[in-house]
Every structure is written in C-alpha cells, then in structure tokens.
1. Somewhere in the stretch 22-35, is a residue surrounded by fewer than 18 Cβ atoms within 10 Å (Cβ to Cβ) and under 28 Å from Arg72 (Cβ atoms)?
2. Would you please name the residue that is farthest from the chain's Cα centre (by Cα), looking only at residues in the stretch 25-62 that are farther than 16 Å from Phe2 by Cβ and among the hydroxyl-bearing types (Ser, Thr, Tyr)?
3. Those residues that are open to solvent by 40 Å² or more (accessible area, probe 1.4 Å) and more than 22 Å from Glu74 (Cβ to Cβ), I need them from the stretch 49-61; list them, please.
4. Checking the condition among the charged types (D, E, K, R), at pLDDT below 80 and part of a helix (DSSP H, G or I), which residue from Glu94, Glu80, Glu107, Glu121 passes?
Amino acid sequence: MFEHLGDALALLRRLRRMSQTDLARAAQVGRSQLSRYENGLQLPHLGQLERLLESLNATMADLAAVLAFLRRLESGEAREGLDSQDLLALMGSEGLIPTPVQDALAEVTAQHLRLCGAVREAVLARTWRSSDRELGTGGRG
C-alpha cells in the first residue's frame, strides 16, 4: 500500500508547483527528510503526513486517489503519458475529489454507519429476547 507514497507526495507537490524546500518549510519538516519520503527511503509519521497534505492543500482522500491512480498506471490500467495539465484538471481548485463528491461520500458513510448501528441493536435485542425466553422457560420447568 505504501510503495507509491513517495511518488504520490512528489506528484502532489509538483502539481501544486511547490519546490521541496517550499513544502518542507510549510510542513515543518527538513528538506532532506522530505526527499527521503519522496524517494521511498522512509515513511512519514502520521502527523508529518497530515502536515504535508495540509501544506499541499490535499486531503487523505486526495492522497488515496493519487495512490490508486499510480497503482493503475503501474499495472497498465491507466493511460500512460498523462501530463500535469491532465492531473491539474482532475484536481481542480479543491482537490482531486470535488466537494460535492466528498459530501456525497460523507453522507453515504454516515448512512452506512447508522445502518450498521441499527443492525447491531437489532441483533442485540433479538439475542436479549432469546436469552430472556430461555431463562423464563428454565425458571418455569
């Protein structure tokens, strides 16, 4: 999963037209440290990754989309020769995933969590009623 993390960070940085020095300063990491991340020599800690993404005006969803794209590109599923203008068009001004899509994904996730909660409560209630009946039967017999 992390084999393309450095490439993804470097791609996001170049798409934002930032130098390594600019991004390192903005994210409060050393430039040589950022270079190690981008070259895949080291993985950033979660806090560092969050600061890098924030400095790139990107979200974890954006990073996941870039990682998925890089995996598809490596496997030959994505078209080669995609240039930075194509990727900038994908990113738009808000990021890789437009706000309406992010909002829709958030709503679907919230509905999924509510459904999971309702199913869990129903299973627990049914289990409780079953054990209640078993206890009631056992006490009468």
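1. Scanning the stretch 22-35, I find at least one residue that is surrounded by fewer than 18 Cβ atoms within 10 Å (Cβ to Cβ) and under 28 Å from Arg72 (Cβ atoms), so the answer is yes.
2. For the stretch 25-62, the residue satisfying everything is Ser32.
3. Listed by number, the residues that qualify are Glu50, Arg51, Glu54, Asn57, Thr59.
4. Glu107
The values are calculated or read from the model by the stated rules, or taken from the named source; none is laboratory data. Computed from a predicted structure; not experimentally measured. Ideal geometry is used to build each Cβ from the backbone, glycine not excepted, and the neighbour counts take in all protein chains shown. Protein only, heavy atoms only, side chains kept; ligands, DNA and RNA dropped before computing areas. Shrake-Rupley method; radii C 1.70, N 1.55, O 1.52, S 1.80 Å.
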